[in-house]
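The block underneath contains the structure these notes are about, expressed in structure tokens.
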Amino acid sequence: MNIAGITDILENLETGAITWEQALRQVTSLPKVWQTAEWKARRQALIQDNCAVCATTKGPFVLQHLTPTLSFKEMCQVVKYELRQQLLPQVNAALPDAEVAAHIGAGESRKACPHCGALSIRHRLTIAPHYVCGKYGPGGAGFDEPTAVAYYIKQRTTDRAYAMKLAREFLASVATIARLREYDQQIQHEATLRSLRQSLAYRSLTHTATYCKGCAFKADWPYMLRQAQ
Ligand SMILES: [Zn+2]
Ligand SMILES: [Zn+2]
């Protein structure tokens, strides 16, 4: 089952004797798990004569893996996501308010309702008062002079605190993505370690149960759908 081989590779990677690229190359050069006689024998010893889900005794049966297997790419995404969650608060804390304020700028001057600050106001030439607030409807509060407010275009709001909040989230996210690029090697190293551990768990056939073909198909279906996307 190559368990000894993979254990060796994992140990060499953990101690830094080999790189993650070398580890991946060594693993892929091992024979496929189902080609080994040891695996076939172990599978035969574990498989039952009834389905663990629907209890049917009509075969054929398969040994179903109960823990989902992630591809190397998916494993990299998981590690990257975890690292992002760690880095984001640090990046956010190091981001000065002045930089966020510079990003939103002074805003554009827009005409607004002096009562509620709404930008949706209607101008009427012949009837006084000459402006009507769009929020209040046709019979609502009128006014002769609109007030000037700052409108933050990118954040689409006149609320400065809200514009600052959105801009901070945006800038922190961009800066975190830039920081993540520096960790590319570490991410792939960690993903390789986890893939090797996953591979050992998979090959040892410990988290398995006997399923009939129908129940195995139903269990695999959501996974296959996800893979097809
Ligand atoms: Zn079944
Ligand atoms: Zn208004």
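How many residues, within the range 78-116, are farther than 30 Å from THR192 by Cα and among the β-branched types (Val, Ile, Thr)? Break it down into steps so the answer makes sense when it comes.
Pass one, the range 78-116, residues farther than 30 Å from THR192 by Cα: 93-116.
Keeping just the survivors that are among the β-branched types (Val, Ile, Thr) gives 100, 104.
Selection size over the range 78-116: 2.
Mind listing whichever residues of the range 139-158 are under 14 Å from LEU119 (Cα atoms), in contact (Cβ under 8 Å) with a residue 12 or more places away in the chain and out of contact with any Cys (no Cβ under 8 Å at 6 or more places or on another chain)?
Scanning the range 139-158 gives GLU145, ALA148, VAL149, ALA150, TYR151, TYR152, ILE153, THR158.
Are any of the residues in the range 174-195 over 30 Å from LEU88 (Cα atoms), surrounded by 12 or more Cβ atoms within 10 Å (Cβ to Cβ) and either within 16 Å of ligand 2 (Cβ to nearest atom) or among the small types (Gly, Ala, Ser) (or both)?
no
Taking the range 1-29 on its own, how many of its residues are touching a Ser or Thr at 6+ places or on another chain (Cβ under 9 Å) and over 18 Å from ALA191 (Cβ atoms)?
3
Being free of Cβ contacts under 8 Å to residues at least 24 places away in the same chain, in a helix (DSSP H, G or I) and either within 30 Å of THR19 (Cβ to Cβ) or of a type in the set (Gly, Ala, Ser) (or both) is true for just one of ALA216, ALA201, ALA161. Which residue is that?
Numbers: ALA216 fails: free of Cβ contacts under 8 Å to residues at least 24 places away in the same chain; ALA201 fails: free of Cβ contacts under 8 Å to residues at least 24 places away in the same chain.
Of the residues listed, the single one that is free of Cβ contacts under 8 Å to residues at least 24 places away in the same chain, in a helix (DSSP H, G or I) and either within 30 Å of THR19 (Cβ to Cβ) or of a type in the set (Gly, Ala, Ser) (or both) is ALA161.
Taking the criterion of being of a type in the set (A, V, I, L, M, F, W, C), touching a helix residue (DSSP H, G or I) at 6+ places or on another chain (Cβ under 9 Å) and closer than 21 Å to VAL78 by Cβ, would at least one residue in the range 202-218 satisfy it?
No, the conditions are met nowhere in the range 202-218.
Taking the stated definitions as given, is THR208 of a type in the set (Ser, Thr, Tyr) and either within 16 Å of ligand 1 (Cβ to nearest atom) or at pLDDT below 95 (or both)?
On the way: of a type in the set (Ser, Thr, Tyr): yes; either within 16 Å of ligand 1 (Cβ to nearest atom) or at pLDDT below 95 (or both): yes.
Yes; evaluated as a whole, the condition is true for this residue.
The values are calculated or read from the model by the stated rules, or taken from the named source; none is laboratory data. If you're wondering where the values come from, they're calculated on a predicted model, not measured in any experiment. Because the Cβ atoms are built from the backbone with ideal geometry, glycine has one as well, and the counts that use them run over all protein chains shown.
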